[in-house]
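Trainee: Before anything else, here's the structure in question.
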Amino acid sequence: MKIKNICVFCSSSDDIDVDFFKTANELGKLIAKNNINIIHGAGKIGLMGEIEKGARNYDTKVIGIIPQKLYKRGIYSETLDDIIITKDMKKRKEIMREKSDAFIILPGGFGTLEEAIETITLKQLKYHTKPIVFLNTKNFYSDLFSQFNKFYNNKFTNPKFKDLYFIAETPLQAIDYILNYKYNEIVDKWL
Ligand code: AMP
C-alpha cells in the first residue's frame, strides 16, 4: 500500500530535553522528504511544533486535527497546511486513525501514551492493520517495554502481539520499517 499520510503522536511539552526536539525535527524532515504528509494534534507547542518546523520547505502537508476545546485555547499552530476541528477527543482520534496509513509514537506524556495504546489495542482487535512504530529516543520508552514484557511473560498478552508494533531507535529506522511494511495476519485475541 502506498503511504500517503503518517500520523505522529508526541509530546505537547516545551520543557523537555533538546535531544527530543532534534529527533522530532529530523523525523519531520525525513517524512516530508519521502513525499509523505504528516498528521498530528495541531499543537504549536512541544514536539508537534518541531515536527512541523522540520517538514517546512517541502511540498508535503502538515495537517493538524484538534478538538474544539483545545482549539479555543489558541494553542494550535497557525502555519499548518490544514486544520480539522473536531467535536471532541474521541472524534479527533477517529479521524487521525482513518486518515493515516501509519503511526509513529515519539516521546510524550499521558496524551501520547493514550493515543499509542488505543492504536495498538485496535490493531490487536483487528480494527486496522496499519504499521505502528515507537521511536525510542534516548531509551525513553524502555521502561514501558519492560512492562509490556511483563504482560507477555505472565500470559496477560500473547507474545505474538509483539508484532503489532515496531521499536525504532532512529527516524530512519522508523521510516524504513513503514515503507517496507507488510501486514502479517496475527492470532485472534481470544480464539
Ligand atoms: P502529552 O503526551 O500529554 O503531551 O499529549 C500529547 C498528545 O495529546 C498529542 O499527540 C496531541 O494529540 C494531544 N495534545 C495534548 N495537548 C495538546 C495541545 N496543547 N494541542 C494539541 N494537541 C494536544
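Trainee: Show me the ranking of peptides 81-91, 150-160 by mean Cβ neighbours inside 10 Å, starting with the highest.
Mentor: Taking the mean over residues of other Cβ atoms within 10 Å, the ranking is 81-91, 150-160.
Trainee: How do 94-107, 125-138, 34-47 rank on mean C-beta neighbours within 10 Å, highest first? Intermediate values should be presented prior to the final figure.
Mentor: Values: 94-107: 21.0, 125-138: 18.1, 34-47: 22.6.
Descending packing order for the listed peptides: 34-47, 94-107, 125-138.
Trainee: With 24 Å as the limit, write out which pairs from Lys93/Lys138; Lys61/Lys160; Lys90/Lys162; Lys53/Lys87; Lys4/Lys93 have Cα-Cα distances beyond it, or answer none.
Mentor: Working: Lys93/Lys138 27 Å; Lys61/Lys160 35 Å; Lys90/Lys162 26 Å; Lys53/Lys87 27 Å; Lys4/Lys93 18 Å.
Beyond 24 Å between Cα atoms: Lys93/Lys138; Lys61/Lys160; Lys90/Lys162; Lys53/Lys87.
Trainee: Can I ask one more? So what's the angle, to the nearest 10 degrees on a 0 to 90 scale, between helix 142-153 and the longest Cα principal axis of the chain?
Mentor: The angle comes out at about 30 degrees.
Trainee: Apply the Karplus parameterisation 6.51 cos²θ - 1.76 cosθ + 1.60, with θ equal to phi minus 60°, to every residue of region 87-95 and state each ³J(HN,Hα) to the nearest whole Hz, in sequence, with x for glycine and proline.
Mentor: 4, 7, 5, 4, 5, 4, 5, 4, 5
Trainee: Quick check: Cα centre of region 79-139 to Cα centre of region 54-74, how many Å?
Mentor: What the calculation gives is 14 Å, centre to centre.
Trainee: Compute the Cα gyration tensor for region 136-191, then decide on rounded, prolate or oblate, letting a ≥ b ≥ c be the square roots of its eigenvalues: rounded whenever a/c is under 1.5, prolate when a/b is larger than b/c in the other cases, and oblate in all that remain. All intermediate terms of the calculation are to be shown ahead of the outcome.
Mentor: Numbers: a/c = 4.91, a/b = 1.24, b/c = 3.95.
Cα axes put region 136-191 in the oblate bin.
Trainee: Amide H of Val62: which non-local residues (sequence gap of 5 or more, or other chain) have their own amide H closer than 5 Å, using H built in the peptide plane?
Mentor: Under 5 Å from the amide H of Val62 lie the amide H atoms of Ile38, Asp81, Asp82, each far enough along the sequence or on another chain.
Trainee: Please compute the length gained on full extension between Asp15 and Tyr127, using 0.36 nm multiplied by the number of residues separating them and subtracting their Cα-Cα distance. Before the final figure, lay out the partial values.
Mentor: Numbers: separation 112, 0.36 × 112 = 40.32 nm, distance 3.54 nm.
Full extension from Asp15 to Tyr127 adds 36.8 nm.
Trainee: Below 19 Å, Cα to Cα, which aspartates and glutamates can Lys91 reach? Residues fewer than 8 away in the same chain don't count.
Mentor: Asp82, Asp101, Glu114, Glu115, Glu118
Trainee: Here is a further query. Loop only by DSSP, 13 or fewer other Cβ within 10 Å of the Cβ. Give me the GluC sites (Glu not before Pro) in region 49-87 that pass, ordered by residue number. Present the calculation step by step, with values, prior to reporting the outcome.
Mentor: On the way: sites: Glu50, Glu52, Glu78; in loops: Glu78.
Within region 49-87, the qualifying GluC sites (Glu not before Pro) (loop, at most 13 other Cβ atoms within 10 Å) are Glu78.
Trainee: In the chain, what percentage of the DSSP-assigned beta bridges are antiparallel, given to the nearest 5?
Mentor: Details: 1 of 22 bridges.
Bridges in the chain are about 5 percent antiparallel.
Trainee: Can you give the helix-only mean residue ellipticity at 222 nm for the chain, where every DSSP H stretch with n ≥ 4 adds -39500 (n - 2.57) and the sum goes over all residues, rounded to the nearest 500 deg cm²/dmol? Provide the component values of the computation, followed by the final result.
Mentor: Details: 7 runs with 78 residues, N = 191.
Calculated from helices alone, the mean residue ellipticity at 222 nm is -12500 deg cm²/dmol.
Trainee: Please turn the phi angles of region 39-50 into ³J(HN,Hα) values with the Karplus equation 6.51 cos²θ - 1.76 cosθ + 1.60 (θ = phi - 60°), one per residue in order, whole Hz, x for glycine and proline.
Mentor: Taking θ as phi minus 60°, the curve returns 10, 8, x, 6, x, 8, 9, x, 6, 4, x, 6 Hz for region 39-50.
Quick note: the coordinates plus some simple rules give every number you see, no bench work behind them. Here the structure is a predicted model, which means the values were calculated and not measured. As a convention, Cβ positions derive from the backbone with ideal geometry for all residues, glycine included, and neighbour counts pool all protein chains shown.
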